Amino acid sequence: MPWPLLRFPSSETGIVLLSTLLLMALLLVVGASVLSLSRTDLMIARNLQIGTETLWVARSGAEFGKNWLENNLLTAPLPVTLGPIPLGNGTYTVEIVALGNNTYRLTATGLGTDGSRREVEEIVRLPNLVPIGVILNEGDGLHPDFDDSSGGTGRRIPAFSIDGRNHSLSGALSGTCPAVPSYAVTQASAQSDLTTALNILKREVVVRANAYCQADGSSSGGGTCTPGLSWIRGNAALPRFTSGGCVATNPACFINLDLSAAALRATAQPPAMNLPPAPQDRGPFAPTITTTVPFARLLTTSEQTNTHTALDDLVRRVGEVSVEKKLTITTSITSGVHTYGTTVTPKVTTIEDGVSSLEISGGAVVNGVGILIIPRVLQLRNATLNWQGLVVIAGDGDLRADNSGACGQILGALVIRDDAAADRKFDLDVVAQTGGCAPFAVNYSCEAVARALTLLMQTVSWTEKFDG
């Protein structure tokens, strides 16, 4: 019987099986790698998203810090830390530090999901303008005489006021900043002109008081003895002040008349018992002239240099302000109520630099907050101008309150850049109290000036310091 034939697997079949197993193992490895890489990519993308979100939380903190500066620059002490404040999926904390020369550092830290952290540092700067006086004059263009052409003997007590006591944004007196002189000037000739005009005014007011008032406050000499003139004359047999040649060391010399005295604004006899309430409790120029607060302060050489640089910076920054922060007055305003900026949204408002002059008249009321640039003549006639912030008269500009119905106030400061022409740049001579409003006044407010300058805030540097 023949033996059965035995068959063995061929070597080729084994090779195919082995190759299949190797291929499956390789595919398994590749698949696992792809899954791992996909998971890594997702984690990277998620971390990038979280980091970006946290960075924007930090940047939002820096913006919040700048907004805080705009509203609290002088009313809250620095350094200050704000936060943590929640925003989206994270929080931010802001530290604000004053570096000097109106420069501030804001360090904002953002904390996000999974412990993500970003920190940014932003350095911001404002024009380093310190008014130093209610009216700051760079040049000699004031040429004042304080003559209201009132007629009669001597001169009346001016109805306008230039008050260097610090006022809050509400108009009340404030202790945030010390009082400043009525004027600060960069030229000795301007200081001399102002002092001379002031002394002439004192003498002529004394002449009027002595001519029109009796010791009992009654009128004489064909004129009217007002309570203010009566206070100047005094209730003694002889007038309190003399108007002839005298020296300041003589208490009876007209030079010693205090033009800041509230009694000059007395409403009835006796003057000392009928004083106006604060902050109207002052004469035409306040505060009282002293060695520390003179009438017209001459800036030192370094102050003059700093002022010039700051004004150049201000003019440059005004040109760079974004459109949404700018307004323009192109024509005269002769009726109605007009608003140019508010305390929430102050503006840079410019009188159009293409017309010879504009006027506010006809009982119109103009209210504004921020910076007002006057490069042309602006006349205030039988109307009201209320401006909170900084008023800058430049080039051929002039602000003339030349009507007895000129009302309102500048709450902040007035800056005059002289163009070297022999013209006046700010004339308040003809201002008289009429029914329904108070005479025009310029009341110093360091808070209003600081708020206005924040419109010109500029970022000097921005850095993402580190992340984690």
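Mind listing whichever residues of the range 358-405 are small (Gly, Ala, Ser) and in contact with a helix residue (DSSP H, G or I) (Cβ under 8 Å, 6 or more places away or on another chain)?
If the condition is that a residue be small (Gly, Ala, Ser) and in contact with a helix residue (DSSP H, G or I) (Cβ under 8 Å, 6 or more places away or on another chain), then Gly370, Gly389, Ala394 are the ones that fit.
Residues of the range 325-339 being of a type outside the set (S, T, N, Q), within 18 Å of Arg376 (Cα to Cα) and within 23 Å of the chain's Cα centre (by Cα), which ones?
Once the filter is applied, which keeps residues that are of a type outside the set (S, T, N, Q), within 18 Å of Arg376 (Cα to Cα) and within 23 Å of the chain's Cα centre (by Cα), the range 325-339 yields Lys326, Leu327, Ile329.
Go through the range 226-265 and report how many residues are out of contact with any Asp or Glu (no Cβ under 9 Å at 6 or more places or on another chain), touching a residue at least 40 places away in the same chain (Cβ under 8 Å) and not in a helix (DSSP H, G or I).
Selection size over the range 226-265: 3.
Please count how many residues of the range 97-106 are crowded, with 18+ Cβ neighbours inside 10 Å and touching a residue at least 40 places away in the same chain (Cβ under 8 Å).
2
Output the number of the condition that Gly336 fails; it satisfies all remaining conditions of (1) surrounded by 12 or more Cβ atoms within 10 Å (Cβ to Cβ); (2) farther than 27 Å from Asn72 by Cα; (3) among the small types (Gly, Ala, Ser).
(1)
Please work out which one of (1) assigned to a loop (DSSP other than H, G, I, E, B); (2) buried (at least 19 other Cβ atoms within 10 Å of the Cβ) is the condition Gly65 fails and give its number.
If we test Gly65 against (1) assigned to a loop (DSSP other than H, G, I, E, B); (2) buried (at least 19 other Cβ atoms within 10 Å of the Cβ), just (1) comes out false.
For the range 352-365, give me the residue count where each residue is surrounded by fewer than 22 Cβ atoms within 10 Å (Cβ to Cβ), in a strand (DSSP E or B) and not polar (S, T, N, Q).
Summing the residues that are surrounded by fewer than 22 Cβ atoms within 10 Å (Cβ to Cβ), in a strand (DSSP E or B) and not polar (S, T, N, Q) in the range 352-365 gives 3.
Hey, among the residues in the range 160-189 that are under 30 Å from Cys225 (Cβ atoms) and touching a helix residue (DSSP H, G or I) at 6+ places or on another chain (Cβ under 9 Å), which one's surrounded by the fewest Cβ atoms within 10 Å (Cβ to Cβ)?
Applying the filter and picking the extreme gives Ser161.
Do we find a residue being in contact with an Asp or Glu (Cβ under 7 Å, 6 or more places away or on another chain), in a strand (DSSP E or B) and in the same structural domain as Phe440 (by TED's automatic domain parsing) anywhere in the range 389-396?
Step one: list which residues in the range 389-396 are in contact with an Asp or Glu (Cβ under 7 Å, 6 or more places away or on another chain), which gives 395-396.
Imposing the further condition that a residue be in a strand (DSSP E or B) reduces the set to none.
Checking the range 389-396: not a single residue is in contact with an Asp or Glu (Cβ under 7 Å, 6 or more places away or on another chain), in a strand (DSSP E or B) and in the same structural domain as Phe440 (by TED's automatic domain parsing).
Contact list please: Cβ distance under 9 Å, first residue in the range 269-286 and under 16 Å from Ala438 (Cβ atoms), second residue charged (D, E, K, R) and in a loop (DSSP other than H, G, I, E, B), pairs at least six apart or on different chains.
That search, which allows pairs on different chains as well, returns Leu275/Asp281; Pro276/Arg282; Pro279/Arg165; Arg282/Arg165; Gly283/Asp258; Ala286/Arg165.
For the range 308-351, give me the residue count where each residue is closer than 30 Å to Thr186 by Cβ, outside any strand (DSSP E or B) and not β-branched (Val, Ile, Thr).
The qualifying residues number 13.
Could you check, for the range 443-466, whether at least one of its residues is within 23 Å of the chain's Cα centre (by Cα), at pLDDT below 90, not basic (Lys, Arg) and not in a strand (DSSP E or B)?
No, because not a single residue in the range 443-466 is within 23 Å of the chain's Cα centre (by Cα), at pLDDT below 90, not basic (Lys, Arg) and not in a strand (DSSP E or B).
The values are calculated or read from the model by the stated rules, or taken from the named source; none is laboratory data. Fair warning: this is a prediction, and the values are worked out from it, not measured in the lab. All Cβ positions, even for glycine, are placed from backbone atoms using ideal geometry, and neighbour counts span all protein chains on display.
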